[in-house]
Amino acid sequence: MNLTTIWLIVFVVCIVAEIISMGLTTIWFAGGALVAAVVSAFGAPLWLQIALFAVVSLVLLYFTRPIAVKYFNKDRVKTNAESLVGKQAIVISEIDNLQGIGQVTVGGQEWTARTTQEGISLPVGSVVVIRAISGVKLMVEEKQQTS
């Protein structure tokens, strides 16, 4: 089996893996394998084939992945939890990280909550902003009052 055939097999394997995963993970390496197959067909040395495979794969990954991710994931719907980040909530049970207590309500649902900063407790009725989700807990900080 010659090197061109091997590179074409790598190309096909990468394409099939991409079709199965649909995760934009191996398509970049398929491009590198295709370039390596072409230079192999023209009799380039193995070191050049490997170098071109690596360089082309990395260049494709670096320059095109952000664009592809932007356009391929634009219709992705956030999960319920992801959609909460940035929203406001109301403290319904005092939040105290040291004691490990606290709850908020957001969108009619109750969530366990902790503050993003240690040593701060938030009383019942405080308005908070959800900054992140850690496991099943919302990480919140007190909403800054505007004058």
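Grab the beta carbon distance between Val13 and Thr64, set R0 = 35 Å, and tell me the FRET efficiency rounded to 0.05. Walk me through the intermediate numbers first.
Numbers: r = 20 Å, r/R0 = 0.57.
E between Val13 and Thr64, to the nearest 0.05, is 0.95.
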Options (i) 1.32; (ii) 0.96; (iii) 0.94 - which one matches Rg/Rh (Cα atoms, Kirkwood Rh) as calculated here: (i)
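For the chain, what is the calculated [θ] at 222 nm in deg cm²/dmol (nearest 500), taking -39500 (n - 2.57) for each run of four or more DSSP H residues and dividing by its residue count?
Numbers: 3 runs with 61 residues, N = 147.
Here the helix-only value at 222 nm equals -14500 deg cm²/dmol.
Tally up the carbon and sulfur contribution to the accessible surface of the chain as a whole percent, 1.4 Å probe, everything protein left in place. The partial results should precede the final answer.
Values: 6230 of 9640 Å².
With neighbouring chains kept in place, the figure for the chain is 65 percent.
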Average accessible surface area per residue within the chain, 1.4 Å rolling probe, Å²: 66 Å²
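Over the chain, what is the relative contact order in percent, taking alpha-carbon pairs closer than 8 angstrom and at least six residues apart?
About 15 percent, as a whole number.
The values are calculated or read from the model by the stated rules, or taken from the named source; none is laboratory data. Source: prediction; values computed, not measured. Glycine also receives a Cβ, built like all others from the backbone with ideal geometry; neighbour counts cover every protein chain displayed. The protein model used for the area step is the full one, side chains on, heavy atoms only, and it has no ligands, DNA or RNA in it. Shrake-Rupley method; radii C 1.70, N 1.55, O 1.52, S 1.80 Å.
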